[in-house]
Amino acid sequence: MSQSPKSSSPAPQDSIENSISSPIQAAFIKNWKTTTIAITLSFSGFVAFSPSMFGGEQAPLVQVCKYVTAGGLATLGIVSKDFNVIGRG
């Protein structure tokens, strides 16, 4: 009963992390869901807090952005749980 040697090729995630040169790039790629929600919330929050630039308080775009901002904040709280925390077993 011989044991087969372990494969020397890195896991896909390891090769992605090794090919990233900047810690900022690593943070964006590793936590892509949180980053995407934050960018969306930045835009929708800007529209919601300056409605006069986008057609006034009753404009459909402003109403949608208010809805996205409210729902997005809840989503950000749910998704932002990082699983790469020290002490995780």
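The values are calculated or read from the model by the stated rules, or taken from the named source; none is laboratory data. Since the model is a prediction, treat every value here as computed from it, not as a measurement. Every residue, glycine among them, receives a Cβ derived from its backbone with ideal geometry; neighbour counts consider all protein chains shown. Each accessible area value is taken on the protein alone, full model and side chains, heavy atoms only, with ligands, DNA and RNA left out. Shrake-Rupley method; radii C 1.70, N 1.55, O 1.52, S 1.80 Å.
Output the residues belonging to the range 20-33 that are open to solvent by less than 40 Å² (accessible area, probe 1.4 Å) and either assigned to a helix (DSSP H, G or I) or within 18 Å of Val68 (Cβ to Cβ) (or both).
Within the range 20-33, the first condition is being open to solvent by less than 40 Å² (accessible area, probe 1.4 Å), and the residues that meet it are 20, 22, 26.
Selection gives Ala26 alone.
With the condition kept exactly as written, say whether any residue in the range 17-36 is small (Gly, Ala, Ser) and either modelled with pLDDT of 90 or more or touching a Lys or Arg at 6+ places or on another chain (Cβ under 9 Å) (or both).
Step one: list which residues in the range 17-36 are small (Gly, Ala, Ser), which gives 19, 21-22, 26-27.
Then keep just the ones that are either modelled with pLDDT of 90 or more or touching a Lys or Arg at 6+ places or on another chain (Cβ under 9 Å) (or both); that gives none.
The answer is no; no qualifying residue exists.
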